[in-house]
Amino acid sequence: MDVSASSHTDQTAAAGATSARGLSRVHLIVLLAMLGVVAALAWTTWSARALMLTFVPQVNALMQTRVAVTEAHLWLEEIVSGDAGEEPRQVRELIGEARWHLQAMRQGGERGLQVVLPVEDGKLRDDIARAMSLLAAFEQLAFRRIDAARAAEAADAGAPSLSAVLPASDAEADAAGDMASAPAGATPPGDAGGDAQAPAAAGFAAGSDLDQRFDEAFAEYIAATLRIEDDLNAVKSAALTRFLRTQLTLMAAIVLLFAWILWMLWRKEASDRDAHVRTLQASLARLSQSQRELERQNALRGAVVDITAALQGLESDDAMARALLAAVSERCGVAAGIVWSCRAGAGLARLAARALTAERLDQHHLAEGEGLAGRAAQSQQLIALDVPQDYFPVGSALGSAPAPHLLVVPLLHDRATVAVMELAFLQPPGDFVRELLDTVAPALAVRLHTATLRSQGAPA
């Protein structure tokens, strides 16, 4: 029992260690899954921030350049209409504001807290470059209108023209450099009629050629910015689509990952439950086996005590043999039997018989080595075999029946065969019967030997 308990404790400890290792693996998987989810969330946040920092400033810059040019157009109309409170410098500043935003979209720029990243799409960059050329033409035509508007006033007052008073804009300086290096007879940008040197006093009026060209330049610039807006929205939509696809892929991966983790946890729980059930079943089986073994040992000890007690107080060897056959038959299920006494040089003499047929009752002696009993007496080994149906018939007043299963047990004392029990069974004898006979045989041999000596008058 102590060995069984120790084995049970060891197996329980081993099962606990296995469960702990499995739990550690599950914890590691969950930890890696959490790290993967955190990494996916971090990537998502970074990607969303990158999209926001890329497209929001670019959209704002495009809006600002359109608003600035529109305001410059309005300021110009006020100045041309004769509003003395408006300054041409404001027009130039607004056009410069529009130019800075376009350059920032194309090349990147930073001003104060405003940071604009450059566009990466090639078509967008080409559209922005064309819009910058249109803005330069618009700026040149705008100040030509201002010069034309102030020319009449300057002629009356004898004042110089506005272009001589205001510093040249960047676009005008570039245009002047281009004209200096251009071949003779070249026409400056936006000047198809050659009226840049001396605009007519009426060239700035509404409906004039200069006014129409100015409005066309403004419309072309606004149309160019709208095209840029469409292209920028297309690029932004493509980027957002890629972002959303990636988001959906990550979400699906996370869902599958957690589904796999739940399946792993369920499988581990089922495995632990099955292992616990198997451990309990094994413990119950060991307990049942131990109980059966204890019952068998108790039954064996009880049978030994009963057989030994049945021989108490008997003096003669034949009486003791009859009591022995009765006790063994009751405890072992013997159908028929004979007890032979062995005397050196005299063969075997029958001491007792049980349930024999009439023809078998006449046999009282066996020569040495005769029959199975003689062989067992010589070999001093238990003989167990199945015999023919008519070998050992069992008889009673009601009839007879074959007992085909035979055990021949020699009883040994001081290395000599004292007696032989020849036992017949209707059913094959089990291990309990053999163990009982092996256990009780030495004590029976001593008692029969003592009884035989007493019957012969020899000192025990």
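Restricting to segment 217-242, name every residue that is among the acidic types (Asp, Glu) and touching a residue at least 12 places away in the same chain (Cβ under 8 Å). Break it down stepwise before answering.
Of segment 217-242, the ones among the acidic types (Asp, Glu) are 220, 229-231.
Residues satisfying the conditions are 220, 229, 231.
Rundown of residues vs (1) in contact (Cβ under 8 Å) with a residue 12 or more places away in the chain; (2) closer than 23 Å to residue 449 by Cα; (3) part of a helix (DSSP H, G or I), yes/no style:
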position: 288; (1), (2), (3): no, no, yes
position: 298; (1), (2), (3): no, no, yes
position: 308; (1), (2), (3): yes, yes, yes
position: 341; (1), (2), (3): yes, yes, no
position: 348; (1), (2), (3): yes, yes, no
Residues of segment 379-406 classified as modelled with pLDDT of 80 or more and acidic (Asp, Glu), total: 1
Single residue of 110, 153, 86 found to be exposed (fewer than 15 other Cβ atoms within 10 Å of the Cβ), at pLDDT below 90, over 20 Å from residue 223 (Cβ atoms) and among the acidic types (Asp, Glu): 153
Residue under evaluation residue 99, criteria (1) over 21 Å from residue 147 (Cβ atoms); (2) more than 56 Å from the chain's Cα centre (by Cα), criterion not met: (1)
Hits in segment 226-244 (condition: closer than 28 Å to residue 40 by Cβ, surrounded by 13 or more Cβ atoms within 10 Å (Cβ to Cβ) and charged (D, E, K, R)): 236
Residue in segment 243-262 that is at pLDDT 90 or above, among the aromatic types (Phe, Trp, Tyr) and out of contact with any Ser or Thr (no Cβ under 8 Å at 6 or more places or on another chain) present: no
In segment 442-459, the residues that are of a type outside the set (S, T, N, Q) and crowded, with 19+ Cβ neighbours inside 10 Å: 444, 445, 447, 448, 449, 451
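Yes or no: residue 388 within 25 Å of residue 434 (Cβ to Cβ), loosely packed, with under 13 Cβ neighbours inside 10 Å, more than 60 Å from the chain's Cα centre (by Cα) and not hydroxyl-bearing (Ser, Thr, Tyr)? Steps first, please.
Values: within 25 Å of residue 434 (Cβ to Cβ): yes; loosely packed, with under 13 Cβ neighbours inside 10 Å: yes; more than 60 Å from the chain's Cα centre (by Cα): yes; not hydroxyl-bearing (Ser, Thr, Tyr): yes.
Taking the combined requirement at face value, the residue satisfies it.
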Residue under evaluation residue 369, criteria (1) in contact with a Lys or Arg (Cβ under 7 Å, 6 or more places away or on another chain); (2) of a type outside the set (Lys, Arg); (3) touching a residue at least 12 places away in the same chain (Cβ under 8 Å), criterion not met: (3)
Residue 376 vs. criteria more than 24 Å from residue 310 (Cα to Cα), at pLDDT 90 or above and crowded, with 18+ Cβ neighbours inside 10 Å: yes
Residue list for segment 350-362, restricted to those being in contact with a strand residue (DSSP E or B) (Cβ under 9 Å, 6 or more places away or on another chain) and outside any helix (DSSP H, G or I): 350, 351, 352, 353, 354, 355, 356, 357
Check on residue 136, in the same structural domain as residue 219 (by TED's automatic domain parsing), among the aliphatic types (A, V, I, L, M) and either within 30 Å of residue 239 (Cβ to Cβ) or touching a Phe, Trp or Tyr at 6+ places or on another chain (Cβ under 7 Å) (or both): no
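The values are calculated or read from the model by the stated rules, or taken from the named source; none is laboratory data. As the structure is a computational prediction, the values presented were derived from the model and not from experiment. Ideal geometry is used to build each Cβ from the backbone, glycine not excepted, and the neighbour counts take in all protein chains shown.
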